[in-house]
Amino acid sequence: MKKKLVVLGGGYGGLAIIHELLHKGLPHHIEITLVDRQPFQGLKTEYYALAAGTSADTELRVAFPQAAEVTLALGEITALDRTKKLVHVSGHDPIQYDYLVIGLGCTDHYHGVEGASQYSYGIQTFQAARKAYTALNNISPYGKVAIVGGGLSGVEMASELRESRPDLNISLINRGPKLLGGFPEGIQTYVAEWLEEHDVNLLLNTQLQRMEQNILYVEGSNAILETDITLWTAGIQPVELVQQLHAEKDKSGRLKLNKHYQLLDDPSIFVVGDCAALPFAPSAQVAGIQGEQIAHILLAIWKDKTIPIEPIKLRGTLGALGKHNGFGVMGSRSIKGRVPRLIKSGILWRSKHF
Ligand SMILES: Cc1cc2nc3c(=O)[nH]c(=O)nc-3n(C[C@H](O)[C@H](O)[C@H](O)COP(=O)(O)OP(=O)(O)OC[C@H]3O[C@@H](n4cnc5c(N)ncnc54)[C@H](O)[C@@H]3O)c2cc1C
């Protein structure tokens, strides 16, 4: 009787596991089921471009692996029954697992800002980015867009939208005094200057209190901001299914794991990517590296070998300022301008073709 590995989520983490298992050779007694609500992988790192209208929907799709060892179960995962080891997926009989991977990514976190979930658009899922695209591109000429959150996604969103719609009045709202918290000061300044030169209004030290349709209220002042569309890029948390799961979590709601990326109370469940409590900020890069490592761990378990422990070594972080400019950190080096943008495009090309 074959054992079943069920992978929840065909994103950067889940697919890295499957590709590595297929590459290294899946033992004959194992079969894989991949479950996702989409019939392809969505290249999430580019969702800002889909929302802005500078990349087409079809450019951001990557086919799921076609292999005899992999069965696809496409549908919405509605529940996880850890006692019976079953996954409930709309349109399918319950799927039984021997080993499970949770790689479902993240959703917006509104940090208690009243009205934010009703009155803002997000870019955390393909579906959300499509809605944002329609709303943004239907705004009348000279309309107002507020982007809340000056981290990597907010900066990329603002610059891409500027290229897509030179007529719009774009404001980027950030709670702290600097954009891109965690990046070196030289990069923060370079990006802030680029945005100002491209007519993006930076509202720093600005904490939102609540939102209504087309109105943003700022904490500690009587100021209000009028907007046609508000985009939310100010925080993430694991998806609702993980929020509801009874298991130990860190303060960001990510699932706590042992050194082999298994749940503390259940070694049959592995967690990858944005749902995993790792000593790194969530990223596609971390999800990919961790995914490969989980594949090596699974192979060792299945072949009764010593389980490897590999460190996660990050290569760096890159960001886009439209299609021709960018910024990033590689090792201890800051890079700005055309080169980081070209490297980022190269990484995107690779993720589509390998
Ligand atoms: C605009 C933007 C820019 C970014 N830029 C970068 C970058 O430059 N570099 C970088 O490293 N990271 C970047 N990131 C972060 C990166 O995209 C995520 O960290 C990464 O996608 C996490 O991978 P994952 O495998 O955990 O989840 P995901 O890649 O999000 O995959 C999760 C999968 O689960 C599926 N799923 C979720 N819930 C359900 C359900 N209930 N039923 C069925 N299927 C479900 C989804 O359809 C999806 O396919 C960016 C993110 C955004 C939003």
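Numbers at a glance
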read-out: Boolean, G103 is among the small types (G, A, S) and either under 30 Å from I18 (Cα atoms) or at pLDDT 95 or above (or both); value: yes
read-out: Pairs with Cβ under 8 Å, 6+ apart, first in the range 290-314 and on the phi < 0 side of the Ramachandran plot, second of a type in the set (F, W, Y) and in a loop (DSSP other than H, G, I, E, B); value: Q290/Y261; Q293/Y261; I294/Y261; I297/Y261; I312/F280; L314/F280
read-out: In the range 92-117, the residues that are touching a residue at least 60 places away in the same chain (Cβ under 8 Å), away from the ligand (no atom under 16 Å from the Cβ) and of a type in the set (S, T, N, Q); value: Q96
read-out: Given (1) within 12 Å of the ligand (Cβ to nearest atom); (2) among the aromatic types (F, W, Y); (3) touching a Pro at 6+ places or on another chain (Cβ under 9 Å), number of the condition W232 does not satisfy; value: (3)
read-out: Residue within the range 310-325 that is surrounded by 11 or more Cβ atoms within 10 Å (Cβ to Cβ), away from the ligand (no atom under 12 Å from the Cβ), closer than 30 Å to K24 by Cα and of a type in the set (D, E, K, R) present; value: yes
read-out: Every residue from the range 258-294 that is near the ligand (Cβ under 9 Å from one of its atoms) and part of a loop (DSSP other than H, G, I, E, B); value: V272, A281, P282, S283
read-out: Answer from T54, T83 - the residue that is in contact (Cβ under 8 Å) with a residue 24 or more places away in the chain, assigned to a loop (DSSP other than H, G, I, E, B) and of a type in the set (V, I, T); value: T54
read-out: Failed criterion for V191 (all others in (1) over 19 Å from the mean Cα position of the chain (by Cα); (2) part of a loop (DSSP other than H, G, I, E, B); (3) crowded, with 20+ Cβ neighbours inside 10 Å hold); value: (2)
read-out: When residues of the range 301-314 are limited to those that are closer than 20 Å to I102 by Cβ and aliphatic (A, V, I, L, M), the one nearest to the chain's Cα centre (by Cα); value: I312
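Listed here are the residues, each with its yes/no results for (1) hydrophobic (A, V, I, L, M, F, W, C); (2) surrounded by 15 or more Cβ atoms within 10 Å (Cβ to Cβ).
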site	(1), (2)
I32	yes, yes
T45	no, yes
A49	yes, yes
S55	no, yes
F64	yes, yes
A67	yes, no
T71	no, no
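The values are calculated or read from the model by the stated rules, or taken from the named source; none is laboratory data. All values reported here derive from a predicted model rather than from experimental measurement. Don't worry about glycine lacking a Cβ; one is built from the backbone with ideal geometry, like all the others, and counts go over all protein chains shown.
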